[in-house]
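Encoded as structure tokens, the structure appears first; notes follow it.
The values are calculated or read from the model by the stated rules, or taken from the named source; none is laboratory data. Only a predicted model underlies this, so the values are computations on that prediction, with no experimental measurement involved. With ideal geometry, Cβ positions are generated from the backbone for all residues, glycine too; neighbour counts draw on all protein chains shown.
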Amino acid sequence: MVTGAPCAVSAAEHTGWTHLLAVAVRQGAPAVIVRRRVALIDPGLPTQPYEHDSRGLPERDANALIARVQRSIATRTSLAFERLFAELAPAHAVVALAIRKPPFPDLPPTASEAWNSYRLLCAADGMLYQQAICPAAQQRGLEVHLCPRGEELTLAAQRLAVTAEAIEEFVARTGRPPGPPWTVEHRRAFAAGIAALATHTPERLSLPRGVRL
């Protein structure tokens with residue numbers, strides 16, 4: 001049985017690591033209650049095997065290297081979720097994940113298919129991490145919200161029935177958690193988390209007074 005106030009986790013993934021933001025409701029408004037940078041691969045393994053380390057290898061060896069990287073990412077991602085969930089419990093129950101929508105629906109089945117498509121090659125390494133984060137969330141019963149890159153503010157504005165400018169002001173200033181860093185990427189992840197959380201709260205989220213709606 002799920003207990004605790006609902007909370008959404010927003011991930012802004014990179015090759016080798018991700019920002020994780022936990023977004024919950026504080027005094028009726030969305031708030032970042034946890035944020036951290038988390039490594040998603042074991043030290044010593046290549047973080048971009050498609051584009052760099054597998055190139056020039058026989059395909060069998062290249063596929064084996066990529067499979068080894070995938071196993072490491074899956075293990076580290078699962079551990080990261082376990083630690084975050086344990087930290088948030090029992091006060092909060094994670095119910096949703098917000099993450100950037102991948103440029104392709106699936107990874108190529110072989111390394112050579114990625115090598116033969118420039119667009120796929122540029123995307124494949126990043127998708128290794130996206131395709132570990134989403135299953136790890138789903139295995140824990142989270143609803144996964146795929147957010148197209150650049151549309152985070154718009155989605156949050158639609159969920160809260162305010163303007164995108166109001167969301168931008170909130171995530172940049174009024175709702176900013178204390179302490180650095182607080183980059184554009186953090187702000188977009190916060191907005192994506194707000195959009196995901198809004199679908200799981202019994203009452204409509206609202207922005208605090210003073211934010212221009």
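Annotations
- Any hit, the range 15-26, residues being under 11 Å from the mean Cα position of the chain (by Cα), at pLDDT 95 or above and surrounded by fewer than 18 Cβ atoms within 10 Å (Cβ to Cβ): yes
- Residues in the range 94-112 that are buried (at least 19 other Cβ atoms within 10 Å of the Cβ) and among the small types (Gly, Ala, Ser) were compared, and the one that is nearest to Glu51 (Cα to Cα) is Ala111.
- Leading residue by the ranking (farthest from Leu21 (Cα to Cα)) among those in the range 156-195 that are loosely packed, with under 14 Cβ neighbours inside 10 Å and free of Cβ contacts under 8 Å to residues at least 40 places away in the same chain: Arg173
- Candidates in the range 1-14 are the residues that are under 13 Å from the mean Cα position of the chain (by Cα) and assigned to a strand (DSSP E or B); of these, the one that is surrounded by the most Cβ atoms within 10 Å (Cβ to Cβ) is Ser10.
- So Leu40, is it over 16 Å from Gly193 (Cα atoms) and at pLDDT 95 or above: yes
- Residues (assigned to a loop (DSSP other than H, G, I, E, B), modelled with pLDDT of 90 or more and of a type in the set (S, T, N, Q)) located in the range 160-211: Thr163, Thr183, Thr199
- Check on Glu82, within 21 Å of Leu142 (Cβ to Cβ), touching a strand residue (DSSP E or B) at 6+ places or on another chain (Cβ under 8 Å) and assigned to a helix (DSSP H, G or I): no
- Some residue of the range 106-115 being closer than 21 Å to Ala39 by Cβ, in contact with a Phe, Trp or Tyr (Cβ under 8 Å, 6 or more places away or on another chain) and free of Cβ contacts under 8 Å to residues at least 40 places away in the same chain: no
- Candidate set: the range 30-74, residues that are closer than 18 Å to Cys134 by Cα and free of Cβ contacts under 8 Å to residues at least 12 places away in the same chain; chosen: the one nearest to the chain's Cα centre (by Cα): Arg71
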